[in-house]
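Q: Let me begin by handing over the structure; questions about it come next.
We did not get these values from a lab; they are worked out from the coordinates using the rules stated. Predicted model only: the values in this text are computed from it and were never measured. For neighbour counting, all protein chains shown are included, and Cβ atoms are generated from backbone atoms with ideal geometry for every residue, glycine included.
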Amino acid sequence: MMTPEEIDALLEAEAPRITRAIRVAAQRAKNEAEFRAPAGRLIEDVARKVEVELRVDRERNLLRGRADAVYNRFVIEFEPPRSITRSNTNAKNAHAIRQVKDYIESISKSERHALERIAGAVMDGEWLIFVRWIEGKWRIEEPVAVNPASVQTLLKYIVSLTTELALTPENLLRDFGENTTVARSMVSAMYQTLTQSATDKTNVLFQQWSLQFGEVCQYGDDSSKLDVRGLVEAYGIRDRRPDPLRVLFALHSYYALFIKLLAVQIAWYYTPPPKPDTPALSHVANLDGDTLAAYLEQLERGGVFAPLGVSNFLEGDFFGWYLDAWNSALENAIRRTISELAGYSLVTLDVDPDETRDLLKHLYQNLLPRELRHALGEYYTPDWLAERLLNQLGYQGQADKRILDPACGSGTFPVLEIKRFRRAADAANVAPARQLDLILHNIMGFDLNPLAVISARTNYLLALGDLIAKRK
């Protein structure tokens, strides 16, 4: 089976050929049917090449009509060649869009899928219109020309919605959240190591973390704020008298390592070919124990990121303690985590960037119960309130404004600021490389919580998205 990296590379390589073939098919076709058949075969051919199992329903009868083609959870409404225009105000555009929306709603009801997990497109050989349901409303994109970039997006949509391993909050919670096999094995192995086989260095790092954690959360000597009985049960920790601080430290260490590994995936994904001599996670998962430990040691120092063009991402923190206390239980748990994460397709970062916004906030809020987070003084600003505050501040992504969040948490404000900046810069035709320079210079945040800082940096990378490829 192909790795996600191999799939991404093949889709990029195939997009120009598929684009030419689609345009030729549209030029030769006299009607919709004559265009739909060859275009559909092209899509199915690519799916076979990337070894994706594609369930194809042609002219599928649904509650609200008959869809031209449904590829698992992606609907394509083929239109007669040259019938779509560059504006969705056109009656034919509007009619085709309405059909796709109806089909998506019908599939959602019949197959019990959330609307967010289905997508669709209108295509006539010259234009593509993408249709999604995002955050409680329809997002209808303006028509884009059928070219290698838009065709690659189309193919990524189909693959992403077929593999079921899209990088979404729901999938991360399913595979890495509370009560999952990965989380239980990681947290319990780390807690057991901390309590039974910690080294002098490990104990020093734990004590340093305890002091800073106490200052950040201001829990003092109030033990009622550290009631972790629910966490002990949820993460399979077997200890009649669990140490609350070590439970939290084990949980934070798991989350921190997960974030760092995800950041590697993001940086690797956006590194243009040729890829540097840095192994992808799919390769790391198969390393022997000593080599895996050496890779993780390099990761904790930030060395893995340097060949990918990302500097100052990590400079060493409390959470790398596990390397000094390396054992088989930790090795097996970490290897399982890497293996699960390596199977994720990061195409969601391109085809649905809004859905990945502040992705890690959802995971962390699941790992640590709300009551405990609030008892420790942790409150996260909801997006709607952050948007309102930015409006009151008058920030709409101006290139001449610098903005700092002095308590950025997981990065809610910087992420929304980057989104606003990119929207304004695109409207002003600012070159992508210049956009990246301005964002890095203008949008900043800091926080006392080391775990929040790692989250914010990773969310910052996610928000930069394809701009990462423009780094110098």
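Q: Could you run the Karplus curve 6.51 cos²θ - 1.76 cosθ + 1.60 with θ = phi - 60° over region 395-411 and give me ³J(HN,Hα) per residue in whole Hz, x for Gly and Pro?
A: Those phi angles translate into 8, 10, x, 4, 5, 9, 10, 10, 9, 10, 9, x, 8, 6, x, 7, x Hz.
Q: Among 38-46, 188-196, how do they line up by average Cβ neighbours within 10 Å per residue, starting with the highest?
A: 188-196, 38-46
Q: When the helix-only estimate is applied to the chain (DSSP H runs of n ≥ 4, each -39,500 (n - 2.57), divided by the residue count), what is the mean residue ellipticity at 222 nm, nearest 500 deg cm²/dmol?
A: -17500 deg cm²/dmol
Q: Taking just the alpha-carbon atoms of the chain, what radius of gyration and Dmax come out, in angstrom?
A: Rg, Dmax (Cα atoms, Å): 24.0, 79.
Q: Got the relative contact order for the chain handy, in percent, Cα pairs under 8 Å and 6 or more residues apart?
A: 14
Q: Here's a follow-up. For region 252-259, in order, what is each residue's ³J(HN,Hα) by Karplus, 6.51 cos²θ - 1.76 cosθ + 1.60 with θ = phi - 60°, in whole Hz (x at glycine and Pro)?
A: Running phi through 6.51 cos²θ - 1.76 cosθ + 1.60 with θ = phi - 60° gives 5, 5, 4, 5, 5, 5, 4, 4 Hz.
Q: Whole-Hz Karplus ³J(HN,Hα) for region 36-41, in order, using 6.51 cos²θ - 1.76 cosθ + 1.60 and θ = phi - 60°, x for Gly and Pro?
A: 4, 4, x, 5, x, 5
Q: Whole angstrom only: what separates the Cα centroid of region 86-112 from the Cα centroid of region 252-275?
A: Answer, in whole Å: 36.
Q: OK, next. Can you tell me the 0 to 90 degree angle between the C-alpha axis of helix 4-28 and the longest principal axis of the chain, rounded to 10?
A: Once rounded, one gets 10 degrees.
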